[in-house]
1. Any residue in the stretch 296-309 that is in contact (Cβ under 8 Å) with a residue 12 or more places away in the chain and closer than 15 Å to Leu112 by Cβ sitting within a Cβ distance under 8 Å of a residue that is of a type in the set (Val, Ile, Thr) and not in a loop (DSSP other than H, G, I, E, B)? List the pairs, counting only those 6 or more apart or interchain.
2. Identify all residues within the stretch 404-414 that are assigned to a helix (DSSP H, G or I) and under 21 Å from Ile86 (Cβ atoms); write none if there are none.
3. For the stretch 351-364, name all the residues that are hydrophobic (A, V, I, L, M, F, W, C) and open to solvent by less than 70 Å² (accessible area, probe 1.4 Å).
4. May I ask you to list pairs of residues, at least six apart or on different chains, whose Cβ atoms are under 8 Å apart, with the first in the stretch 170-198 being under 26 Å from Leu212 (Cα atoms) and free of Cβ contacts under 8 Å to residues at least 40 places away in the same chain and the second being acidic (Asp, Glu) and open to solvent by 40 Å² or more (accessible area, probe 1.4 Å)?
5. Does Val87 satisfy the criteria of being more than 30 Å from Pro8 (Cβ to Cβ) and part of a helix (DSSP H, G or I)?
6. Among Gly311, Gly339, Gly327, Gly281, which is small (Gly, Ala, Ser), over 20 Å from Asn53 (Cα atoms) and surrounded by fewer than 20 Cβ atoms within 10 Å (Cβ to Cβ)?
7. Kindly evaluate Asp15 against the criterion of being among the acidic types (Asp, Glu) and part of a loop (DSSP other than H, G, I, E, B).
8. For the structure I just gave you, tell me whether Val148 is farther than 19 Å from Ala278 by Cα, in contact with a Pro (Cβ under 7 Å, 6 or more places away or on another chain) and of a type in the set (A, V, I, L, M, F, W, C).
Amino acid sequence: MLPTSLHPFRPRLLDALQNYDRRHLPADIGAGITVGIVALPLAMAFAIASGVNPEQGIFTAIIAGLLISALGGSHVQIGGPAGAFIVIVYGIVERYGLANLLIATSLAGVLLFLLGLFKLGALVRYIPVSIVIGFTNGIAVLIGLSQVKDFLGLQIDKLPADFFTQIGVLARHLHTTNPAAVAIAAASLATVVLWPKSYQMDVEPMGLRGRLRRWSAHVPGTIVALVAATLVTALFGLEVETIGSRFGGIPQTLPAFELPEFSWATAKQLLFPTVTIALLGAIESLLCARVADNMTDLPRHDPNQELMAQGVANFVTPFFGGIPATGTIARTVTNVRAGAASPVAGVVHALTLLVVVLAAAPLALHVPLASLAGILMFVAWNMGEWREFARLKQFLLPYRTVMLGTFFLTVVFDLTVAVEAGLMAACAFFIYRMSALFSVRPVEGAPLPDGVQVFELFGSLFFGAVGKIEELPGRLATDTRVLVLEMHRVISMDTSGLDALEQLHRVLHRQGIVLMLAEVNPQPLGLIRRSGFEAKLGPDCIVPKVSDALGDNPKGGNGAADWPQI
């Protein structure tokens, strides 16, 4: 049922500040600074992998991160550029250009806000888990593939967006592999993998080694890898590509407000990119918020308010050159583990990034792209639900088909096609399954009056199951004068099911057979009455119990022999 009222715009920050205890402020500040440090290399890496400048990722993390925390419906969710968007953004930039990416992002923000305003946030939860796992794994594969160029230091000017073309281009340029880049990327990847992580630490570590690991975990492995790689590159003068050599560095200024050039003719061409950004942003943010809910005792998130905040963030950020943003699981988990108690931590995270940009932007000149590629390889591996492939044998064919189909379509085509095809396949399998569960069984064993047959209906009587109702006349004995359908196990019925009953009534009427319905549940009964079918059957042909149909007939006769003739 569609909502009849609009969702009020009330950020969770307002509720948190009403009862805010100053004892929580140090924890929120500490968590915010920690997440800001974690977000810095990821924001640059996501932007570069998406085909835009690194500062666009940082500006997105600052502006969108601030707006999502200040206006969102979760106490601890951290927003910003996400790995899931890399493939989408890269494809849009390649096909439509950067200006159109900014327009599509703003339009997606409007769509996200409307989804929340009209209370449609819960609908995202109806997307089957097989589709979510399929496209998540597909995106992870594409992210990993997109980083092969910088991981190996290949001399390629621009990677194409198409999967098979990418593989061909990479294969033809393998002879240009840079050993220094490979060493830096591999060392960065190993550092991120092996470095202690705060979210894996015991609350109270035992022994000197445990305490050292706990202390080390306060510094993110991504920062350690990035700083070490930068120092090695600068000290030894390694011939590898850096942020400075490719992008000229990061500006040490605040982003400037600029309206992208907009026209309705352009907007019409951006329908699919807009829907893709909005759909992925909604799914990622609400999945992330649910993960955060399961990790804390704080009030559960408000999905509609969260979507409205995501909408505002994605609408505003492109005016400062930003890219799409959503809730990010890695940074949100870090925020929770660092002790965040309110959205204040997310605001601090954005301010931390701002301070870093204003104070230390020139240091990014020497950051090797190979190190960022190694970090993104870890992000891609962490993003995928690879165990689900091994578990496929535990599930039935429909689940396998939907998951694998969505995965391969995401890799070969794009996310929109994959989700659309996955939803269509899931719906088709659901309809088949529900129709298979519906059955029409004759009542056997109980003595019945001559000329009376009783059939029990099981399941939902909907458009996928009407064929079993249409077969009923052919299953009746030649001397049948009354057919009773016992419906207490039919919980729901749609208009196609109602039409099937009306057609059955017409066929039986021509054969001189009375149709009676017994033990009809409220939903089917309401539909029967509203449609006028009850009047066509006759008020005495819908009875509370089967026994009422088998006893004296409603007209006052003495059993089956006195049923009314048609």
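1. So the pair list comes out as Pro303/Val124; Ala309/Ile68.
2. Scanning the stretch 404-414 gives Thr406, Phe407, Phe408, Leu409, Thr410, Val411, Val412.
3. Leu353, Leu354, Val356, Val357, Ala360, Ala361, Ala364, listed by residue number.
4. Matching pairs, first to second residue: none at all.
5. yes
6. Numbers: Gly311 fails: surrounded by fewer than 20 Cβ atoms within 10 Å (Cβ to Cβ); Gly327 fails: surrounded by fewer than 20 Cβ atoms within 10 Å (Cβ to Cβ); Gly281 fails: surrounded by fewer than 20 Cβ atoms within 10 Å (Cβ to Cβ).
Gly339 is the lone residue from the list that is small (Gly, Ala, Ser), over 20 Å from Asn53 (Cα atoms) and surrounded by fewer than 20 Cβ atoms within 10 Å (Cβ to Cβ).
7. Details: among the acidic types (Asp, Glu): yes; part of a loop (DSSP other than H, G, I, E, B): no.
In short, no.
8. No: the conditions fail for Val148.
The values are calculated or read from the model by the stated rules, or taken from the named source; none is laboratory data. Since the structure is predicted, the reported quantities are computational estimates derived from the model, not experimental observations. Cβ atoms come from the backbone with ideal geometry, glycine included; neighbour counts cover every protein chain shown. The protein model used for the area step is the full one, side chains on, heavy atoms only, and it has no ligands, DNA or RNA in it. Shrake-Rupley method; radii C 1.70, N 1.55, O 1.52, S 1.80 Å.
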